[in-house]
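Student: One structure, pasted below without further comment.
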Amino acid sequence: MQYATIQGIDQRVSRIAFGCMSTVPSQMYAGLQVDEAVRTMQVAMDLGITLFDTARAYADGESERQLGRAIKGRRDELVIASKPKAGDLSRDEIVSECEQSLKSLDIDCIDLYQIHWPRRVVPLEETARAMESLVTSGKVRAIGVCNFGPLDMQEWLDTAPCATNQIAFSLLVRCPEFGTEPVCEERGVGILCYSPLAQGLLAGVYGSADDVPSGKARTRHFSKERPEARHTESGCEAETFTAIDRIRGVAEGLGVPMGDVAIAWLLARPSVTSVLIGASRPDQVERNVRALSVELSEGDIAELNVATEDVKSRLGESIDMWATPPRTR
């Protein structure tokens, strides 16, 4: 395993992190029985993964409860990240949500507490001061955000500290390169990448756009006519699958699985602290950790960038992959 650091947290974080959304039912995952979820997470720990990311919104706290069971006896080895539900993000709500997460996780302190989405219902300063109060009280070690674009990021950093920004980032979602990634690099904010395989697209699971089920065809890659789509764009389905074919060609030339190449591309970026994987079985964890052994040359990275340039251009700079107008800015 490879490790990095997050501001305000003494424990090193693994560069491959475990995203706990994959162990509970959602639009994208069937979910696991508790014992299966615990076993999968404990295998991840045995492989050296120390960063586990969950949220109150994942199955109404069930993800946190599963993680709480999995970490018994190993808490000191790990970095636990969670998030409040995205209500109004008022002071009272932030404090209450944190208390409920601590209870579900059965721990005394959350290492990284993150705003899940920017809301702009109450003044940002109220939310920031509430988050800082949790650090002062010892209930949280470090503050992070998720899904913050460059303007939101600048506004937050002008108000309060921020250790990390968790965003969708992959070879097929390069929107952060336009503004979010540069701001994070300039201000010393680590990037945590979720959906590194673009919900299976970069694992080569689907042969064409028509093969992608509705629950996973909600992003702006796909037409607004898709069931469950919440955006108003025509999508870029042809460009996306052309890019996938080109990425597959690079991977075959290297003799490496396409998913490993996709994760290695992210890990090669200086801005990226950790890449979150979603695993539903121990063997999936093992497969994703394998990407750490892949070393891409500058030429490989350049070829991958060219392969995905059309998709990058079509999706533009908004880092919100699901909604129009975007919730982020």
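Student: Got a number for the accessible area of residue 139? Probe 1.4 Å, square angstrom, nearest 10.
Tutor: Using a 1.4 Å probe on the heavy atoms, I get roughly 60 Å².
Student: A further question on this structure: Kindly provide the helix-only [θ] at 222 nm of the chain, computed as the sum of -39,500 (n - 2.57) over DSSP H runs of four or more divided by all residues, to the nearest 500 deg cm²/dmol?
Tutor: Details: 11 runs with 119 residues, N = 329.
Per the formula, -11000 deg cm²/dmol.
Student: To continue, here is another question. If you roll a 1.4 angstrom probe over the protein chains with everything in place, what fraction of the accessible area of region 29-179 belongs to carbon and sulfur, to the nearest %?
Tutor: 47 percent
Student: Here's another thing I want to ask about it. Sticking with the crude label model, points 7 Å out along Cα→Cβ, report the distance from residue 109 to residue 76 in nm, one decimal please.
Tutor: Simple spin-label model gives 1.3 nm for this pair.
Student: Here is a follow-up. For region 227-306, what does the alpha-carbon gyration tensor say about shape, rounded, prolate or oblate, given a ≥ b ≥ c as the root eigenvalues, a/c under 1.5 as rounded, and a/b over b/c as prolate? Don't skip to the end; give the middle numbers.
Tutor: Details: a/c = 1.73, a/b = 1.24, b/c = 1.39.
Because a/c hits 1.5 or more and a/b fails to exceed b/c, region 227-306 counts as oblate.
Student: Residue separation times 0.36 nm, minus the C-alpha to C-alpha distance between residue 132 and residue 228: what's the value?
Tutor: Values: separation 96, 0.36 × 96 = 34.56 nm, distance 3.68 nm.
Between residue 132 and residue 228, full extension yields 30.9 nm more.
Student: Further question on the same structure: Rounded to the nearest whole Å³, what is the per residue volume of the convex hull around the Cα atoms of region 195-329?
Tutor: Taking the convex hull of the Cα positions in region 195-329, it is 120 Å³ per residue.
Student: What list of ³J(HN,Hα) couplings, whole Hz, do you get for region 250-255 from phi and the Karplus terms 6.51, -1.76, 1.60, once you set θ to phi - 60° and write x for glycine and proline?
Tutor: Coupling constants for region 250-255: 5, 4, 5, x, 8, x Hz.
Student: From the backbone phi of region 94-105, what are the Karplus-calculated ³J(HN,Hα) couplings (6.51 cos²θ - 1.76 cosθ + 1.60, θ = phi - 60°) in whole Hz, Gly and Pro given as x?
Tutor: Listing the rounded values in order: 4, 5, 5, 4, 5, 4, 5, 5, 4, 5, 5, 6 Hz.
Student: Now a separate question. State the Cα centre-to-centre distance between region 202-228 and region 291-307 in whole Å.
Tutor: For region 202-228 versus region 291-307, the Cα centre distance is 25 Å.
Student: Taking H placed 1.01 Å from N in the peptide plane, check which residues at least 5 places from residue 17 or on another chain put their amide H under 5 Å from its amide H.
Tutor: Amide H to amide H, under 5 Å and 5 or more residues apart or across chains, residue 17 pairs with 275, 276, 277.
Student: For the chain, modelled as a GNM with alpha-carbon contacts under 10 angstrom, which of 44, 160, 307 fluctuates the most?
Tutor: 160
Student: What are the ³J(HN,Hα) couplings of region 232-239, residue after residue, when phi is run through the Karplus curve with 6.51, -1.76, 1.60 and θ = phi - 60°? Round to Hz, x for glycine and proline.
Tutor: 10, 9, 7, x, 8, 5, 5, 4
Student: Then there's this: How large is the Kirkwood hydrodynamic radius of region 126-183, in angstrom, based on all distinct alpha carbon pairs? Working shown, then result.
Tutor: Values: mean 1/r = 0.0811 Å⁻¹.
Taking the inverse mean of 1/r over all distinct Cα pairs, region 126-183 comes out at 12.3 Å.
Student: Report the full-extension gain for the segment residue 280 to residue 35: residue separation times 0.36 nm, less the Cα-Cα distance, to one decimal in nm.
Tutor: 87.0 nm
Student: Now for a separate question. Over every pair of different alpha-carbon atoms in region 37-163, take the mean of 1/r and invert it; report that Kirkwood radius in Å. Write out the running numbers ahead of the final one.
Tutor: Values: mean 1/r = 0.0675 Å⁻¹.
Every distinct Cα pair counted, the radius reaches 14.8 Å.
Student: Right, next: Using only the alpha-carbon atoms of the chain as identical scatterers, what base-10 log of I(q)/I(0) does the Debye formula give at q = 0.08, 0.09, 0.13, 0.14 Å⁻¹?
Tutor: Listed by q, the Debye log ratios stand at -0.34, -0.43, -0.96, -1.13.
Student: Now for a separate question. Please determine, in degrees from 0 to 90 and to the nearest 10, the orientation of helix 34-46 with respect to the longest principal axis defined by the Cα atoms of the chain, where the helix direction is its Cα long axis.
Tutor: 80 degrees
Student: Could you order peptides 271-283, 49-61 by the average number of other Cβ atoms within 10 Å of their residues, highest first?
Tutor: The peptides rank, most packed first, as 49-61, 271-283.
Student: State in Å² the accessible area per residue of the chain; use a 1.4 Å probe, count heavy atoms of protein chains only, and round to the nearest integer. Before the final figure, lay out each step's value.
Tutor: On the way: 13250 Å² over 329 residues.
Heavy-atom SASA per residue in the chain reads 40 Å².
Student: Pull up all non-local amide H partners of residue 142: gap of 5 or more, or a different chain, and H-to-H distance under 5 Å with H placed in the peptide plane.
Tutor: Residues meeting the amide H criterion: 112, 113.
Student: Something else now. What is the diffusion coefficient of region 1-100 in µm²/s, taking the Kirkwood radius over Cα pairs and the Stokes-Einstein relation at 25 °C with a viscosity of 0.890 mPa s? Each step should come with its number before you reach the end.
Tutor: Values: Rh = 14.2 Å.
It diffuses with D of about 172 µm²/s by this estimate.
Student: Which FRET efficiency, nearest 0.05, do residue 69 and residue 92 yield, Cβ-Cβ r, R0 45 Å? Before the final figure, lay out the partial values.
Tutor: Numbers: r = 29 Å, r/R0 = 0.64.
That gives a FRET efficiency of 0.95.
The values are calculated or read from the model by the stated rules, or taken from the named source; none is laboratory data. All values reported here derive from a predicted model rather than from experimental measurement. Note: ideal-geometry Cβ built from the backbone for every residue, glycine included; neighbour counts use all protein chains shown. Keep in mind that these areas ignore ligands, DNA and RNA; they rest on the heavy atoms of the full protein, side chains included. Shrake-Rupley method; radii C 1.70, N 1.55, O 1.52, S 1.80 Å.
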